[in-house]
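For reference, the structure is listed below as structure tokens.
A short reminder: the numbers here are calculations on the coordinates, not readings from a lab. Remember, it's a predicted structure, so these values are computed and weren't measured experimentally. We place every Cβ from the backbone using ideal geometry, glycine too, and count neighbours over all the protein chains shown.
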Amino acid sequence: MRLSFSTGTLYHFPLRTTFALAHEAGFEGVELVLGPEVLLRGASYVRRLGREYSLDVLSVHPPVIPYPGHNNVVRILPRLISLAEQVHCDLVVLHPPKTSKAEDAVWKEFVQALLHERSTTTVRVSLENASIFRDSNIHYILHDIRRLLAFADCHDLPLTFDTAHVGSSGRDLLEAYALLARRVVNVHFSDFLKRRIFPDWPPLHTFFCHHQMPGEGVLPLADFLRTLLASDYCGVFTLELSPVAVKAWSPSLVRERLVTAVRYVRQLLVR
């Protein structure tokens, strides 16, 4: 199990600063989130940072800040796969579409693009279990984890298991992992807080409820880590934290918070 850090946590930081902080905190690699600097500087710059800070790119993730076309799988998936190939990474994370009807164009495009791109590369495309912001979200085709698993089984796809997203769904974390475990190749690890957010706007939930520091929310993360150990999980283990959770307005506070998060994980892994 290799400990990775999502660069999306510090999306507003220069990529060099993010790599430096990840290295100092003791991570072994990063989940590279597609962003403006990555697009501007290219894969060669990412590879150079990886060599300089002894960090491998262990997975590649879609953009976390919306921009035109960022949800268009026909455009974004080939770009993610190409980037992964160029930085010598064999794993891409992909979010399921927000649609409840199989006849919708967005669903048909998603399935066609996913199956086409998978047939042209050795890079694995893992589907991530989705966050649930409103009760109506559960009606989206792949937002229920049982339907997600059935789709992954049908098309032999790996999964990325996000602990905070499970928290947002109200499901039991350990039961959800037991259901999906045989297909999980990447874990997004963070805590979840139940709190009222006003206005009720999904990005605010992402910042203040989802992706909180391990041990500061309601999820049984210690038990979850013990379950991973007992099952001999050997995939990627990615700390994906909210910028609010790591106090991203201050590099010195970020450094402290990342060291704390890594210590939390490693202390449980050696027990």
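Can you give me the ranges of the helices (runs of 4 or more DSSP H) entirely in the stretch 122-237 with at least 3 residues that are surrounded by fewer than 19 Cβ atoms within 10 Å (Cβ to Cβ) and over 19 Å from the mean Cα position of the chain (by Cα)?
Here the list reads 145-155, 221-230.
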With respect to the numbered conditions (1) within 28 Å of SER231 (Cβ to Cβ); (2) β-branched (Val, Ile, Thr); (3) free of Cβ contacts under 8 Å to residues at least 60 places away in the same chain, which one is the sole condition not fulfilled by ILE81?
(1)
What are the residues in the stretch 108-149 that are more than 29 Å from GLU175 (Cα to Cα), among the polar types (S, T, N, Q) and without any contact (Cβ under 8 Å) to a residue 40 or more places away in the chain, if any?
GLN112, SER119, THR120, THR122
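Has the stretch 11-29 got any residue that is in contact (Cβ under 8 Å) with a residue 24 or more places away in the chain, within 28 Å of TRP107 (Cβ to Cβ) and touching a strand residue (DSSP E or B) at 6+ places or on another chain (Cβ under 9 Å)? Steps first, answer last, please.
Going through the stretch 11-29, the residues in contact (Cβ under 8 Å) with a residue 24 or more places away in the chain turn out to be 11-13, 15-17, 19-29.
Pick out the ones that are also within 28 Å of TRP107 (Cβ to Cβ) and you get none.
No, the stretch 11-29 has no match at all.
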Answer from VAL111, VAL92 - the residue that is in a strand (DSSP E or B) and closer than 27 Å to THR163 by Cα
VAL92
